[in-house]
Each structure stands twice: as C-alpha cells, then as structure tokens.
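Trainee: First the structure, then my questions, so here it is.
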Amino acid sequence: MTRTFLRHYLEMVVAMLLGMAVVLGGLAAAGVELASVELELLVMATSMTVPMVAWMRHRGHGWAPAAEMSGAMYAPTAAALVLLWTGLVEDEHGLMMIQHVAMFPLMFAAMLLRRDEYSHLTHA
C-alpha cells in the first residue's frame, strides 16, 4: 500500500466526517428532528457522500470512481434499511453502527478496484 493511496483514503474519510458534522450539527442546532429512522439513515449517508464526492472531483477523480465510492456509502445504508424493514434490527443506534462500520471497508475495497488511480497524486 502506498502512502498516496492511504492519504486518499484518509482525505475522503475526513471529508465524510466534516460533511456529517456540518449537516447533522446544523440540523441539531436548528432543533430539527428527523421523522424516521429511514430518513436518518439516508441523511447520514448523503451528508457523508456529497462532500466526499466533491473532494474526489476536486482532486481530479472521474465520475466512475465517484459513483463507485457513492455505492460503497449507500450499500450499507440499503442493508441497514432491509434489516430495519424485516425487523431483524430495530435499534436505531445499532443500525447506524452497522451502516458506519460497513462503509469504511467498502470504501477501501472500492479504492482497491482502482489501485493505480488512488496510488498517484491527482488534482483537478
């Protein structure tokens, strides 16, 4: 694994966390409560995906890698929703944990599909 590859991974994680903090922090500061667990899961995934994709585009990555990375973010969300709808997991925090824990290795796997791209410095 190259330092550049790991740096790209960490940059995307930071972008995700900042997006999550801004959106969810803003909603909390405004006193907004989301109406359902489904909405919370979708807002969480979106608040993390949008800034990550924006950062990827800023760094010069194309739309295909951005779409793959978005898939890595929404796949765990879809799985969490299925768990909720089937009644297998009903705990909101448990679903969020499943969602988050799965996102990070899936992001890493998506990067491995394009190892060369993420192992070189890119910038728009």
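Trainee: Any residue that is at negative phi, out of contact with any Pro (no Cβ under 9 Å at 6 or more places or on another chain) and not in a helix (DSSP H, G or I) - is there at least one of those in the range 109-116?
Mentor: No.
Trainee: Among the candidates 27, 6, 10, 83, which residue alone is touching a helix residue (DSSP H, G or I) at 6+ places or on another chain (Cβ under 7 Å) and either of a type in the set (A, V, I, L, M, F, W, C) or in a helix (DSSP H, G or I) (or both)?
Mentor: Going through 27, 6, 10, 83 in turn, the sole match is 83.
Trainee: Residue under question is residue 32, and the condition is that it be at pLDDT 90 or above and in a loop (DSSP other than H, G, I, E, B); does it hold?
Mentor: no
Trainee: If I filter the range 93-103 down to residues being farther than 15 Å from residue 47 by Cα and open to solvent by less than 60 Å² (accessible area, probe 1.4 Å), which single residue comes out as nearest to the chain's Cα centre (by Cα)?
Mentor: Filtering the range 93-103 for residues that are farther than 15 Å from residue 47 by Cα and open to solvent by less than 60 Å² (accessible area, probe 1.4 Å), the one nearest to the chain's Cα centre (by Cα) comes out as 102.
Trainee: Identify the residue in the range 28-59 that is among the aliphatic types (A, V, I, L, M) and without any contact (Cβ under 8 Å) to a residue 12 or more places away in the chain and, among all such residues, is surrounded by the most Cβ atoms within 10 Å (Cβ to Cβ).
Mentor: Taking the candidates together, the pick is 34.
A quick yes/no check of all residues on (1) of a type in the set (A, V, I, L, M); (2) within 23 Å of residue 89 (Cβ to Cβ):
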{"site": "2", "(1), (2)": "no, no"}
{"site": "5", "(1), (2)": "no, no"}
{"site": "16", "(1), (2)": "yes, yes"}
{"site": "19", "(1), (2)": "no, no"}
{"site": "22", "(1), (2)": "yes, no"}
{"site": "25", "(1), (2)": "no, no"}
{"site": "31", "(1), (2)": "no, no"}
{"site": "34", "(1), (2)": "yes, yes"}
{"site": "40", "(1), (2)": "no, yes"}
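Trainee: Can you tell me which residues in the range 69-80 are open to solvent by 40 Å² or more (accessible area, probe 1.4 Å) and modelled with pLDDT under 95?
Mentor: none
Trainee: Looking at 83, 112, 88, which one is over 15 Å from the mean Cα position of the chain (by Cα), within 20 Å of residue 5 (Cα to Cα), surrounded by fewer than 18 Cβ atoms within 10 Å (Cβ to Cβ) and at pLDDT 90 or above?
Mentor: Sole residue among the options that is over 15 Å from the mean Cα position of the chain (by Cα), within 20 Å of residue 5 (Cα to Cα), surrounded by fewer than 18 Cβ atoms within 10 Å (Cβ to Cβ) and at pLDDT 90 or above: 112.
The values are calculated or read from the model by the stated rules, or taken from the named source; none is laboratory data. Nothing here was measured: the structure is a model prediction, and the numbers come from that model. Neighbour counts run over all protein chains shown; Cβ positions are idealised from the backbone, glycine included. Just the protein is used for accessible areas: all its heavy atoms, side chains included, with ligands, DNA and RNA removed. Shrake-Rupley method; radii C 1.70, N 1.55, O 1.52, S 1.80 Å.
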